[in-house]
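The values are calculated or read from the model by the stated rules, or taken from the named source; none is laboratory data. If you're wondering where the values come from, they're calculated on a predicted model, not measured in any experiment. Heads up, the Cβs are rebuilt from the backbone with ideal geometry, glycines too, and the neighbour counts pull from every protein chain shown.
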Amino acid sequence: MTTVLLVDDEKLIQRSLEKTLLRAGFDVLTAADCKSGSELFTQNIGEVSIAVLDLNMPGFDGTPKTGAGLDLLDDLKKQKADLPVVILTAYDEVTKAKDSVSRGANAFFVKGREQGLVELIQKILSE
């Protein structure tokens, strides 16, 4: 079973993505900020196949931070260097999202087309 770590602080988006991923046959672990996302990953490090991280959410100190997803990306990569990661972003943040790829993310995905995310995850995992 493929397990996706999904970290997004926007409840509706998180729930919608979780449902889409579950329907596509993935197991899903969800967290709403960097700290809980990192802890959840550490507890399930052997099971998580890929992480999907929101770009902007509460950082490790609990306060909302632009680009906090990149801090979590760095943290997860320290724990498991070959972990595939997708950064979720709003349509107007593509430049920042490109930075995420240079920092080790496999791809970035603009929110709003859930089925496309499933296809992207399947593509990354089959590489």
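Assorted remarks:
- Taking the numbered list (1) β-branched (Val, Ile, Thr); (2) surrounded by fewer than 18 Cβ atoms within 10 Å (Cβ to Cβ); (3) at pLDDT below 95 in turn, Thr89 passes all entries but (2).
- Residues of region 92-102 satisfying the condition of being loosely packed, with under 15 Cβ neighbours inside 10 Å and of a type outside the set (A, V, I, L, M): Asp92, Thr95, Lys98, Ser102
- Answer residue from region 72-86, given it is out of contact with any Ser or Thr (no Cβ under 6 Å at 6 or more places or on another chain) and surrounded by 16 or more Cβ atoms within 10 Å (Cβ to Cβ) and is farthest from Ile45 (Cα to Cα) among those: Val86
- Any hit, region 28-39, residues being modelled with pLDDT of 95 or more and exposed (fewer than 13 other Cβ atoms within 10 Å of the Cβ): yes
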